[in-house]
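The values are calculated or read from the model by the stated rules, or taken from the named source; none is laboratory data. Not measured: the values here are computed from a predicted model. Ligands, DNA and RNA are excluded from the accessible area calculation, which covers all protein heavy atoms including side chains. Shrake-Rupley method; radii C 1.70, N 1.55, O 1.52, S 1.80 Å.
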Amino acid sequence: MKDRTSDFPERDIKSIMYQTLLGLSYMHKHGFFHRDLKPENLLIGSDGHLRITDFGFAKKIVDRSYTLCGTPEYLAPEMIK
């Protein structure tokens, strides 16, 4: 798989990272957690703003969650038994 980060200028990469953090921060502040964040779930709109998608594993968490979910390719090897 080709590393696609070289296709974007550094300022665009920083903007994508900032928008991702803002979106996740907003969700976490309201008690929702995405739990399947990966590049395929981040889309860039025609206006240049980021869209976080695929909330199939999202969950409202009050205290703690004991479920393991997500895409195995993006999990740490020690998390998969």
Bins of 10 Å, beginning at zero and ending with the bin holding the largest distance: percent of Cα pairs per bin for segment 7-54, please. 25, 56, 18, 1
Can you give me the accessible area per residue for the chain, using a 1.4 Å probe, in Å²? 83 Å²
Once neighbouring chains are kept in place and the probe is 1.4 Å, which whole percent of the accessible area of the chain is contributed by carbon and sulfur? 60 percent
So the angle from the long Cα axis of helix 10-29 to the longest Cα principal axis of the chain, reported in degrees to the nearest 10, equals 30 degrees
Dividing the mean separation of Cα pairs under 8 Å (6+ apart) by the residue count of the chain yields a relative contact order in percent of 26 percent
